[in-house]
Amino acid sequence: MPDDTRARQRTGTGLGLLLALVLGAVLLTALPDDGEREGGGACAPHSVASWKADDGLTTEFARYGDDPSRTDDWTGGDGTHSVRLPDGRLLWLFSDTYLGQVYAPPNPFGESHTWRDTTAPLVRNSAVVMRDGRLERTLPTPLFPDPAPNQWRWPVAARVEPHSPGSSEQVLRVLLWVRTAGQSPWIYGVPTATEVATLSLPDLRVESVVKVLDQQLVPDPSRRVLFGTTLVEEDGWTYVFGGDDGQAASRPTSHAYVARVPEGRLAEPGAWQYWNGSRWARAGARPGAVLGDGQRKGVGSAFSVARVRGTYVLFTMAAGTEGLTTVTSYWACSPTGPWHGPTKDFSPSLPQGGQVAAYNPQTHPELSDAGRLVVSYDVNWLETGAAAAQLNRNVSLYRPRFVTLRVTPTR
């Protein structure tokens, strides 16, 4: 299948994948502590019991994207992530983003779609501010400038932290994937590095960008790992999940990896520890995959993990031909696994007609509660050559959609 990564059209989309190896250093640390071991605490098998479309959020992004009052704001994007700010605002982060003017139907083809001119600007990343459930404004784009010629940054997971351990000043940390332009099969860019950006609060100004894991020394691009597709906070640690680009190497699924960082130290490369298959290790040791056999078990190019009643639940696009339309899940009692599944699938709604695909399921804890998860998924046109034209012809094709899941124990 053209996996969920292939569903992103280079002519107007973005997003990518995953992890790491830096320079020297050794191993470190111990086995998971008692609270992380399988079977402890309230952990139990979980799966999706039911789901329904979240029309309110989906409609709000359509309203904002169709607003013709500005030409420098968001009209469509993918790589949807969110983070709650201390003042109550919600910041939405996107990878490749269309700006420009949106026009009411009919489009030039006589169709009843809101449409965009073919000269509409495309930027590599953007951020949109929401207050009280209403999208208000797009920050100046791109929020994160390209690090070098033929390279770009895609923002992924984010969280609010102290500026430094023990500081009363809070900042926003945003994980960034750096990718470099490449030839087929790397038409979505070659995985290059994981970075962490620090933004001031409340004004959301980029203060610094630090490279935490450089992958350029890993010769096989399909083995490189980028971190930050999802974050989970637990017991004084921030667990940072990532993956490799196995799908670009024609493997049906990619592998998932996990790192951990003490709370408040995401921007310190030396504070990161990587699970190597048996213990937590410092940078320099090859991380070990926690999920993925390269075939039917594994993850798509981007996935998400949530903690529900003591259980870790991972959402990803399903393997095989279902992966363009179907979300599946795995569960574990520890971030390092073992991960069990896949469990019950669900297929969210897609626009009718044409080669349309879903990808990048992401949970939004800021909008969720126990057992009820808000999940977004991105939508795109599948055929690479026709993508840009189709996304402009029907702007709704390149915007997030939302569902609400009820996740329950299965025993």
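The values are calculated or read from the model by the stated rules, or taken from the named source; none is laboratory data. Quantities reported herein were computed from a predicted structural model and do not represent experimental measurements. Every residue, glycine among them, receives a Cβ derived from its backbone with ideal geometry; neighbour counts consider all protein chains shown.
Structure notes:
- Within segment 365-389, restricting attention to residues that are surrounded by 22 or more Cβ atoms within 10 Å (Cβ to Cβ) and not acidic (Asp, Glu), the residue that is farthest from residue 159 (Cα to Cα) is 387.
- Residue check, residue 316 farther than 24 Å from residue 73 by Cα and out of contact with any Pro (no Cβ under 7 Å at 6 or more places or on another chain): no
- Segment 243-302, subset aromatic (Phe, Trp, Tyr) and not in a loop (DSSP other than H, G, I, E, B), residue farthest from residue 194 (Cα to Cα): 280
- Matching residues, segment 41-64, being over 30 Å from residue 311 (Cα atoms), in contact with a Leu (Cβ under 9 Å, 6 or more places away or on another chain) and either surrounded by 13 or more Cβ atoms within 10 Å (Cβ to Cβ) or of a type in the set (Ser, Thr, Tyr) (or both): 60, 61, 64
- Residues that are among the β-branched types (Val, Ile, Thr), within 18 Å of residue 104 (Cα to Cα) and under 21 Å from the mean Cα position of the chain (by Cα), drawn from segment 60-92: 75
- Test for residue 180: is it under 29 Å from residue 128 (Cβ atoms) and of a type in the set (S, T, N, Q): yes
- Candidate set: segment 67-88, residues that are of a type in the set (Asp, Glu) and at pLDDT 95 or above; chosen: the one farthest from residue 410 (Cα to Cα): 87
- One residue alone among 396, 349 is in a loop (DSSP other than H, G, I, E, B), of a type in the set (Gly, Ala, Ser) and modelled with pLDDT under 95, and that residue is 349.
- Residue tally, condition at pLDDT 95 or above and either exposed (fewer than 15 other Cβ atoms within 10 Å of the Cβ) or among the acidic types (Asp, Glu) (or both), over segment 173-199: 2
- For residue 357, the requirement of being among the small types (Gly, Ala, Ser), crowded, with 17+ Cβ neighbours inside 10 Å and within 30 Å of residue 113 (Cβ to Cβ) is met.
- Residue match in segment 191-213 (condition: among the hydroxyl-bearing types (Ser, Thr, Tyr), part of a strand (DSSP E or B) and either in contact with a Cys (Cβ under 9 Å, 6 or more places away or on another chain) or within 24 Å of residue 121 (Cα to Cα) (or both)): no
- Scanning segment 127-146 for residues that are assigned to a loop (DSSP other than H, G, I, E, B) and either buried (at least 17 other Cβ atoms within 10 Å of the Cβ) or of a type in the set (Phe, Trp, Tyr) (or both) returns 139, 141, 142, 143, 144.
- Evaluation of residue 163 against the conditions (1) over 18 Å from residue 387 (Cβ atoms); (2) surrounded by fewer than 12 Cβ atoms within 10 Å (Cβ to Cβ); (3) modelled with pLDDT under 95 shows that the sole unmet condition is (2).
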